[in-house]
Amino acid sequence: MADTGIVIDPRYLQHDTGPGHPERPERIGTLLPVVNAAVGRYTAIPAREASGDELALVHDGAYVEDVAATRYKPGFAFDADTPTCERSYEIARLATGGFLALLDAVMAGQVHNGFAFVRPPGHHAERQRAMGFCLFNNVAVGAEYLRRRHGLERILIVDWDLHHGNGTQHMFESDPGVLYVSSHQYPYYPGTGAIDEVGRGNGEGYTVNLAFPAGFGDAEYIDAFTRIVAPIAQEYAPQFVLISAGFDAHARDPLGGMQVTETGFRALARVLLTIARDHAGGRCAAILEGGYDLTAIRNSSAAVLGELQGDADPLGPPAAPSRAGGLIERVRKAHGRYWKL
Ligand SMILES: [Zn+2]
């Protein structure tokens, strides 16, 4: 059994996005009883606020100041999707810092791996722009923190959220020190994430986009993770595996057109944990991104947590044959010159 750390905090409910917004406090509220019921099986890691210096690892200082100024602007919105309240700046810092606390706990050997259940999410946030419900790019700050503060040189970020993580890609697309792999519905919000976006300059080959058509489910995700993500990641040999774990590719999700189930997410976690075990001493940390159906969030979170703990429930074969063959060939063609695929 692995010792698994969990970050969750009732203060994450205080980021008020207003009536009818899908990225709502109940997303964390629904997880609190799940986590409380599991006390004793997991190690609780207290959240802390990220410092200005930590946010500046990937964000412009002037942008951090813009977010800080929302404290005095009730009902402000960076765009139609991304509202803030007087508490949002503080809670966003607590989301980023909660993830950093988990990374510190893993690096210190206090836990083997873990999951940070935070909001607001982060992967759409750009260096100097909030968008898509996101203020600070939690996973990107985390990757940079592992490099600058813990001296690691190769970080793998796998982003299985329904949406492409434009912010994360842009922050690292010229940088071979972070391998960014995203599976996402395409074409869809935010518009980026085509297969031929493979990175730039020194980072060429270190951005991998699995641009899935709507309708893909467990069979296709598992197929692509097994035949593309696993071999590339094994060759890269990351020293830490980060998961941008949104659950909006779940079949129940109201925003998405994908058909993944909680068993599917569990299988994807298993692929990534194998990579972590083979290269990173098991070091792996997941962070919640999107996911807007409360039942799907609860069940998928429980499934991934079980996997992190090493429950090793048999998964069984996917119910349907994979239809991802053509897509996998296109990704192979785009990346065959960078990786042994
Ligand atoms: Zn999403």
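The values are calculated or read from the model by the stated rules, or taken from the named source; none is laboratory data. None of the values given here were measured: they were computed from a predicted structure. Note that we place each Cβ from the backbone using ideal geometry, even for glycine, and neighbour counts take in every protein chain shown. These accessible areas exclude ligands, DNA and RNA; they are computed on the full protein's heavy atoms, side chains included. Shrake-Rupley method; radii C 1.70, N 1.55, O 1.52, S 1.80 Å.
Taking the chain as a Gaussian network, where each spring joins two C-alpha atoms under 10 Å apart, which residue of ALA285, ALA230, ALA269 fluctuates the most?
ALA230
Can you tell me the accessible area per residue over the range 81-178, all protein chains present, probe 1.4 angstrom, in square angstrom?
About 24 Å² of surface per residue is accessible.
Counting only helical runs of four or more DSSP H residues, what would the 222 nm mean residue ellipticity of the chain come to if each run contributes -39,500 (n - 2.57) and the total is spread over all its residues?
Calculated at 222 nm, the ellipticity per residue is -10000 deg cm²/dmol.
Could you pull out every residue, at least 5 positions away or on a different chain, whose amide H is within less than 5 Å of the one on ALA77? Hs are placed 1.01 Å off N in the peptide plane, and Pro or chain starts have none.
Sorted by chain and number, the residues that satisfy this are THR84.
Tell me which DSSP H helices of the chain clear both cut-offs, 20 Å or more of axial length from alpha-carbon atoms and a mean Kyte-Doolittle hydropathy of at least -0.5.
What comes out of the filter, once short or polar helices are dropped, is 88-107, 262-279, 294-309.
Per residue, how much accessible surface does the range 241-339 expose to a 1.4 Å probe? Answer in Å², no decimals.
Averaged over the residues of the range 241-339, the accessible area is 38 Å².
Given springs between every Cα pair under 10 Å in a Gaussian network model of the chain, which of PRO317, PRO187, PRO238 has the largest fluctuation?
So, out of PRO317, PRO187, PRO238, the one fluctuating most is PRO317.
With a point put 7 Å past each Cα toward its Cβ, work out how far THR295 is from LEU32 in nm, to one decimal.
2.3 nm
Provide the convex hull volume over Cα atoms per residue for the chain, in Å³.
In the chain, the Cα hull volume divided by residue count equals 115 Å³.
Would you pull out the residues with amide H under 5 Å of VAL7's amide H, same chain only if 5 or more places away, H placed 1.01 Å from N?
The list, which skips near neighbours in sequence, is ILE45, PHE115, ALA116, PHE117.
Peptides 64-77, 322-335: what's the order by average Cβ count within 10 Å, highest mean first?
Ranked by mean Cβ neighbours within 10 Å, highest first: 322-335, 64-77.
Given a 1.4 Å probe and every protein chain left where it sits, what share in percent of the accessible area of the chain is carbon and sulfur?
Summing carbon and sulfur atoms, their accessible area is 51 percent of the total for the chain.
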